Amino acid sequence: MHGLLMKCMKRHQLADMIYMGSDGSITKRRVRLLKIRQDSVTAYCFMRQERRTFRIDRILSILPVEGRERMPG
């Protein structure tokens, strides 16, 4: 997971993330990764329209956004 997160961040690529909240709820978010730590990642979340910190152990899936969808409109 760390490798893919780092790859997205270095390429300034947007990513679609499936995330499980502390209450067990699952959300899909489009994010721009800003900083990666040992157990968390700071990213701009387009769903909440603010900078958020996500625990890496709660990220269920991360997929780089390719092609035309790469830059927000």
statement: Pairing a residue in segment 1-26 that is within 14 Å of ARG52 (Cα to Cα) with any residue that is among the acidic types (Asp, Glu) and modelled with pLDDT of 95 or more, where Cβ atoms lie under 6 Å and the two sit 6 or more apart in sequence or on different chains, gives none
query: For segment 19-36, which residues satisfy the criterion of being charged (D, E, K, R) and either surrounded by fewer than 11 Cβ atoms within 10 Å (Cβ to Cβ) or touching a His at 6+ places or on another chain (Cβ under 6 Å) (or both)?
result: ASP23
- prompt: Quick one: is ASP16 modelled with pLDDT of 95 or more and open to solvent by 70 Å² or more (accessible area, probe 1.4 Å)?
  reply: no
- request: Working only within segment 16-42, note down all residues that are touching a strand residue (DSSP E or B) at 6+ places or on another chain (Cβ under 6 Å) and farther than 16 Å from GLY3 by Cα.
  value: ILE18, TYR19, MET20, ILE26, THR27, LYS28, ARG29, ARG30, VAL31
- request: All but one of (1) among the hydroxyl-bearing types (Ser, Thr, Tyr); (2) surrounded by fewer than 18 Cβ atoms within 10 Å (Cβ to Cβ); (3) within 16 Å of SER61 (Cα to Cα) hold for TYR44, so report the exception by its number.
  value: (3)
- request: Output the number of residues of segment 47-73 satisfying the condition of being open to solvent by less than 70 Å² (accessible area, probe 1.4 Å), in a helix (DSSP H, G or I) and either at pLDDT 95 or above or on the phi < 0 side of the Ramachandran plot (or both).
  value: 2
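The values are calculated or read from the model by the stated rules, or taken from the named source; none is laboratory data. As the structure is a prediction and not an experimental result, all values here were calculated from the model. All Cβ positions, glycine included, derive from the backbone under ideal geometry; neighbour counts span all protein chains shown. To get the accessible areas, we keep the full protein, side chains included, count just its heavy atoms, and leave off ligands, DNA and RNA. Shrake-Rupley method; radii C 1.70, N 1.55, O 1.52, S 1.80 Å.
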